[in-house]
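Written out below as C-alpha cells is the structure these notes cover.
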Amino acid sequence: MGEKWRQRLPQIRRQVRRERLLLLLLTIVGVIALVSGVAWVPVVFAWALLVIVVLLRKPDEATAPVPVVVEEDVLIYDPLPPIAATLGAYDTPGFVLANDASVLFQNRAAEVAFGSLPFGSHLTARIRSPGILDMVRDAIASDEPDQLEHSERLPSERVFIARIAPIPVVEPEGMSISADRRKLYLLSFRDISELRRLDRMRSDFVANASHELRTPLASLRGFIETLQGPAKGDPAAQERFLSIMLEQATRMSRLVDDLMSLSRLELKSHIAPDQRIDLKPVLSHVRDALLPLSDDLGVEIRMHLPQEPVEVLGDRDELVQVFENLIENACKYGQDGKVVDVHLKGGGDEPAEVTVIDRGPGIPPEHVPRLTERFYRVSVADSRSKKGTGLGLAIVKHILTRHRARLIVRSQVGEGSEFTVRF
Ligand code: ADP
C-alpha cells in the first residue's frame, strides 16, 4: 500500500501544482467561513471533500499538450500518434515499423492492399517478398532510405515501388522518448500499375504501327527489285506490278493519315467543342460522300431523319469523320445485308442519338468491348481486304470522348450490328 502511494506521489504533486489557484481559493473561502463563525466541522469536511474532487479532476483534453505518458518524474513523449494520424490520411499504403520490423501502424490503404495486421506483429506476417524484407532489414541496420520495384500477381496484377525510410523523430524539450519509439520507419507502396500499363500500350502501339507500315514497305521494295531485274523488259508485268505498288502506297498513306488524326485528337482531347451543329446536314453530307462506295458494294444507305433540326455542341469536321467511319464500316462489313439504316433521334430536351444499323454477319460478343482499341480487328485479313487500318473506331472513340458522347455497340452474330452515338 505504502509503495503504491510512493509511486503516485509525483503525480499528486503535479496535480497540486496544476490546480494551485483553485486550491488556494478553496482554502481562503474556508478560512473566511471559520473567521465568520461557521462551525469548524462542516467547514473542514467541505474543504477536504472539495480538495479531493479537485485533485482527482482530469486535465482538460483540449489543453492537453502533445501525447505524453508520465513515468516517475519524467514526461515520456510518444511520437507514434501524430505520425499515425498523418499517415492515416494518405491514400497510398503505408506502414510504420519499429526497429525490429514489427508493425506499429498501417493505414487503411495498406489494410485494403495487404490485409489487416494486429498491432506489433512482424512485417513477415503479411509481406513475404524476400526483396522487401531484405530491404527493410538493411535500411533499419544502416538508417538509410531505400526502394525497389515489387510486383503482385494476386488478387490482380499490380506493380508497386516499395520504399523504406527512417522517420525523423524529434524529442520535445523537457520530454523523453521511450527506447522502442526512438527509431521509427515508414514503409510505403506507390502503385505504378497504371503507368506501366500506359507504357506497355505506348510501346505496343509503336510496334503495331511499325508492323503495319513494314508490310506494304516490304512489298513495295520487292516489286521495285523485280521491276529492276526479272521484269525489266516485260511491260505487261510492269503494268500489273505498278498498280499493286500504287495500292500499297495508298494503304501506307491511309495509315499515316489515321495516325496523324489520332495524335491531333489526343492533343486536344481535353478541350470540349463549342459550336452548335445540326446533325441532319452532317449525316446527309456523309451519305453523299459515301455514295460511290455504297454503289460499288451494292449497298443502299437509308436515312431516317426527323423534320426538326437536331443540334449538338460539336466540331463539324470531326462529326463527319465519326459518321463516315461508322457508315463506311456498316457498308463494308455488312455488305451482304444490302441495306444500311441511319436513324437520327432526339433534339430539344431529348439527347441526340444517331444509330447506324447493318444486316451483315455481326460481331461475336468477345470482340465487342475491344473494337475501339487501336489496330484491333475481328479479322485482320478481312479488314485489310476492305482497305481498313484498324484505327477507324479508335478515332471515333477519341472524337466522341472530346464531345462527351458515348458509343454503344450491339451486335448479334448472323443478324447484323448496331452502332449508336449518344450525345
Ligand atoms: P478497320 O479499319 O479495320 O475497319 P475499325 O476500327 O473501323 O478498323 O474497326 C475495327 C474492326 O471492327 C474491324 O476490323 C471489323 O472487324 C469490326 N467492325 C467494325 N464495324 C463493323 C460492322 N459494322 N460489322 C462487323 N464488324 C465490324
Requested in this report: Sort through THR63, THR92 and tell me the only one that's among the hydroxyl-bearing types (Ser, Thr, Tyr), assigned to a loop (DSSP other than H, G, I, E, B) and at pLDDT below 85.
Outcome: THR63
Report summary line: Filtering the stretch 299-311 for residues that are within 16 Å of the ligand (Cβ to nearest atom) and either under 28 Å from ASP274 (Cα atoms) or not in a strand (DSSP E or B) (or both) leaves a count of 1
Query - Criterion (part of a helix (DSSP H, G or I) and in contact with a helix residue (DSSP H, G or I) (Cβ under 9 Å, 6 or more places away or on another chain)) met by exactly one of ALA272, ALA249 - result: ALA249
Query raised in the report: Within the stretch 238-247, is there a residue that is over 26 Å from THR355 (Cα atoms) and surrounded by 17 or more Cβ atoms within 10 Å (Cβ to Cβ)?
Result: yes
Query raised in the report: Failed condition for ALA218, given (1) exposed (fewer than 14 other Cβ atoms within 10 Å of the Cβ); (2) in contact with a strand residue (DSSP E or B) (Cβ under 9 Å, 6 or more places away or on another chain), with all others met?
Result: (2)
Query raised in the report: Can you pull out the residues in the stretch 219-273 that are among the charged types (D, E, K, R) and under 30 Å from ASP317 (Cα atoms)?
Result: GLU247, ARG251, ARG254, ASP257, ASP258, ARG264, GLU266, LYS268
Requested in this report: State which residue pairs qualify: first residue modelled with pLDDT of 95 or more and inside the stretch 313-341, second residue within 11 Å of the ligand (Cβ to nearest atom) and of a type in the set (Phe, Trp, Tyr) in any location, beta carbons under 8 Å apart, and separation of 6 or more residues or different chains.
Outcome: LEU326/PHE419; ASN329/PHE419; ALA330/PHE419
Query raised in the report: In the set ASP336, ASP317, which member is in the same structural domain as PRO281 (by TED's automatic domain parsing), under 22 Å from LEU265 (Cβ atoms) and surrounded by fewer than 19 Cβ atoms within 10 Å (Cβ to Cβ)?
Result: ASP317
Report task. Quick one: in the stretch 341-393, of everything that is within 7 Å of the ligand (Cβ to nearest atom) and charged (D, E, K, R), which residue is nearest to PHE423 (Cα to Cα)? Result -> ASP358
Query raised in the report: Which of the residues spanning the stretch 175-205 are hydroxyl-bearing (Ser, Thr, Tyr), in contact (Cβ under 8 Å) with a residue 40 or more places away in the chain and either outside any loop (DSSP other than H, G, I, E, B) or not assigned by TED's automatic domain parsing to the domain that holds THR92 (or both)?
Result: SER176, TYR185, SER188
**Report entry** Condition met for GLU328 (within 9 Å of the ligand (Cβ to nearest atom), within 29 Å of ARG264 (Cβ to Cβ) and surrounded by 19 or more Cβ atoms within 10 Å (Cβ to Cβ))
**Finding:** yes
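Matching residues to (1) in contact with a strand residue (DSSP E or B) (Cβ under 6 Å, 6 or more places away or on another chain); (2) over 19 Å from LYS332 (Cα atoms); (3) of a type outside the set (Ser, Thr, Tyr); (4) in contact (Cβ under 8 Å) with a residue 40 or more places away in the chain:
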| site | (1), (2), (3), (4) |
| --- | --- |
| ASP349 | no, yes, yes, no |
| ILE357 | yes, no, yes, yes |
| PRO361 | no, no, yes, yes |
| LEU371 | no, no, yes, no |
| VAL378 | no, no, yes, no |
| GLN412 | no, no, yes, yes |
**Report entry** Search result, residues across the stretch 358-400 that are buried (at least 21 other Cβ atoms within 10 Å of the Cβ) and among the β-branched types (Val, Ile, Thr)
**Finding:** THR389, ILE395, VAL396, ILE399
Requested in this report: Mind telling me which of the residues ILE32, ILE28 ends up being surrounded by 11 or more Cβ atoms within 10 Å (Cβ to Cβ), at pLDDT 75 or above and more than 59 Å from the chain's Cα centre (by Cα)?
Outcome: ILE32
Query - Candidates ASP296, ASP358, ASP315 - the one that is more than 21 Å from LYS397 (Cβ to Cβ) and acidic (Asp, Glu) - result: ASP296
Query raised in the report: Out of the stretch 275-289, which residues are surrounded by 12 or more Cβ atoms within 10 Å (Cβ to Cβ) and outside any helix (DSSP H, G or I)?
Result: ILE277, ASP278
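A quick yes/no check of all residues on (1) modelled with pLDDT under 95; (2) within 30 Å of GLN307 (Cβ to Cβ):
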| residue | (1), (2) |
| --- | --- |
| GLY346 | yes, yes |
| VAL354 | no, yes |
| ASP358 | no, yes |
| PRO365 | no, no |
| VAL368 | no, no |
| ARG377 | yes, no |
| SER383 | yes, no |
| LYS386 | yes, no |
| LEU393 | no, no |
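The values are calculated or read from the model by the stated rules, or taken from the named source; none is laboratory data. Here the structure is a predicted model, which means the values were calculated and not measured. As a convention, Cβ positions derive from the backbone with ideal geometry for all residues, glycine included, and neighbour counts pool all protein chains shown.
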